[in-house]
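S.K.: The structure that follows is given in the form of structure tokens.
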Amino acid sequence: MNNPTEMNGRCGIITGAASGIGQAAALYLAQMGARVALVDIDNTGLQVTASRIEGETSSRTLTFVSDATDESAANDVVTKTSTVFGSVDFLVNCAGILRKTAFLEISLEEWDLMYHVNVRGLFIYCQAVARCMVAQGSGAIVNVASLAGRSSSLLGGAHYTSAKHAIVGLSRHMARELTPKGLRVNAFCPGATLTPMVTDSTTPEEIEAVARIIPRGKWAAAEEQAAVIGFLVSDAAVNITGACIDSNGGSLMV
Ligand SMILES: NC(=O)c1ccc[n+]([C@@H]2O[C@H](COP(=O)([O-])OP(=O)(O)OC[C@H]3O[C@@H](n4cnc5c(N)ncnc54)[C@H](O)[C@@H]3O)[C@@H](O)[C@H]2O)c1
């Protein structure tokens, strides 16, 4: 019997693949047998991801140094991926930014930047890839939101929380329209996860303080979140669509 979590022959796009959860998801999916197209603005990080995949698996990668908020660049990425790989079977939207500014201090510029990257960029990739998937009649999309999209966040500001709630709503609505056309669309809501996004802007004392309020008692590793993403894009999750999947060490219980 085939293992439904295997990705043999599947091809897809991962944004934010140069670092953290996106990098770990790219590696995990390649290890499961997928061919992955990696998108990020950080060329150095992208090359690290690609060479790790090539070193640890026999999987073939495509890399695109590209801003997820650029619609015409996204259309090019989807066209090239589909041409080289033959299909786009999955999309994992990981590209994102975090700001922790206090509510009273958030400027309109920072508010707009938060939505520009975390919502507009994600929408652009969802639409470009969904067009291709609807033509194929199949595909799985995972939009990385956050615990902040289910509650509010100690790690980010009100604009981050608001943008992540928008991702959850967008994903649910996409599932309503696109599931009858053969797609699955889910939001994924990680809790505190040790990646450069947080380690670059959080002191070791703050990291310890957050760990103390997580029922599991520690931050997740990016690899632990990648395994959930891998499950969601695989056939093991064939009946899961329009869902919002939490992976937060119990943080929503407290
Ligand atoms: N780390 C956490 O605790 C945590 C918790 C919940 C949700 N998330 C979400 O997970 C996702 C991945 O975060 P991470 O922790 O791995 O962070 P990270 O900073 O390690 O990775 C984010 C990646 O997105 C890329 N990126 C940013 N703007 C981009 C753009 N305009 N176009 C293309 N790429 C862009 C960055 O260059 C980086 O490589 C984000 O959406 C984040 O909000 C993270």
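The values are calculated or read from the model by the stated rules, or taken from the named source; none is laboratory data. The structure displayed is predicted, hence computed values, not measured ones. Here the Cβ is made from the backbone with ideal geometry for all residues, glycine too, and neighbour counts use every protein chain on show. Ligands, DNA and RNA are excluded from the accessible area calculation, which covers all protein heavy atoms including side chains. Shrake-Rupley method; radii C 1.70, N 1.55, O 1.52, S 1.80 Å.
S.K.: Looking at the stretch 55-106 only, could you name the residues that are touching a Cys at 6+ places or on another chain (Cβ under 7 Å) and of a type in the set (D, E, K, R)?
M.R.: Once the filter is applied, which keeps residues that are touching a Cys at 6+ places or on another chain (Cβ under 7 Å) and of a type in the set (D, E, K, R), the stretch 55-106 yields only 89.
S.K.: At least 1 residues that are of a type in the set (D, E, K, R), in contact (Cβ under 8 Å) with a residue 12 or more places away in the chain and crowded, with 16+ Cβ neighbours inside 10 Å in each: list the strands (runs of 3 or more DSSP E) lying fully within the stretch 138-254 that qualify.
M.R.: Numbers: elements: 139-144, 183-190, 244-247.
Because the criterion is at least 1 residues that are of a type in the set (D, E, K, R), in contact (Cβ under 8 Å) with a residue 12 or more places away in the chain and crowded, with 16+ Cβ neighbours inside 10 Å, the strands (runs of 3 or more DSSP E) in the stretch 138-254 that meet it are 183-190, 244-247.
S.K.: OK, next. Quick one: would you say residue 19 is of a type in the set (Ser, Thr, Tyr) and within 13 Å of the ligand (Cβ to nearest atom)? First the steps, then the outcome.
M.R.: On the way: of a type in the set (Ser, Thr, Tyr): yes; within 13 Å of the ligand (Cβ to nearest atom): yes.
Yes: the conditions hold for residue 19.
S.K.: Sticking with this structure for a sec: Applying the selection to the stretch 1-40, what residues are hydrophobic (A, V, I, L, M, F, W, C) and more than 15 Å from the chain's Cα centre (by Cα)?
M.R.: If we filter the stretch 1-40 for residues that are hydrophobic (A, V, I, L, M, F, W, C), which is where we start, we get 1, 7, 11, 13-14, 17-18, 21, 24-27, 29-30, 32, 34, 36-39.
The answer is 1, 7, 11, 30, 32, 34.
S.K.: Test residue 129 against the stated conditions and say whether it is buried (at least 23 other Cβ atoms within 10 Å of the Cβ), within 16 Å of the ligand (Cβ to nearest atom) and either within 18 Å of the chain's Cα centre (by Cα) or not in a helix (DSSP H, G or I) (or both).
M.R.: Working: buried (at least 23 other Cβ atoms within 10 Å of the Cβ): yes; within 16 Å of the ligand (Cβ to nearest atom): yes; either within 18 Å of the chain's Cα centre (by Cα) or not in a helix (DSSP H, G or I) (or both): yes.
Taking the combined requirement at face value, the residue satisfies it.
S.K.: What number of residues within the stretch 183-202 are of a type in the set (S, T, N, Q), more than 7 Å from the ligand (Cβ to nearest atom) and at pLDDT 95 or above? Lay out the reasoning, then the answer.
M.R.: Of all residues in the stretch 183-202, those of a type in the set (S, T, N, Q) come to 186, 193, 195, 199, 201-202.
From what is left, the residues that are more than 7 Å from the ligand (Cβ to nearest atom) are 186, 199, 201-202.
Those left that are additionally at pLDDT 95 or above: 186.
Matching residues across the stretch 183-202 total 1.
S.K.: Do we have residue 90 as under 15 Å from the mean Cα position of the chain (by Cα), at pLDDT 95 or above, among the aromatic types (Phe, Trp, Tyr) and open to solvent by less than 60 Å² (accessible area, probe 1.4 Å) here?
M.R.: Details: under 15 Å from the mean Cα position of the chain (by Cα): yes; at pLDDT 95 or above: yes; among the aromatic types (Phe, Trp, Tyr): yes; open to solvent by less than 60 Å² (accessible area, probe 1.4 Å): yes.
When the stated conditions are applied, residue 90 passes them.
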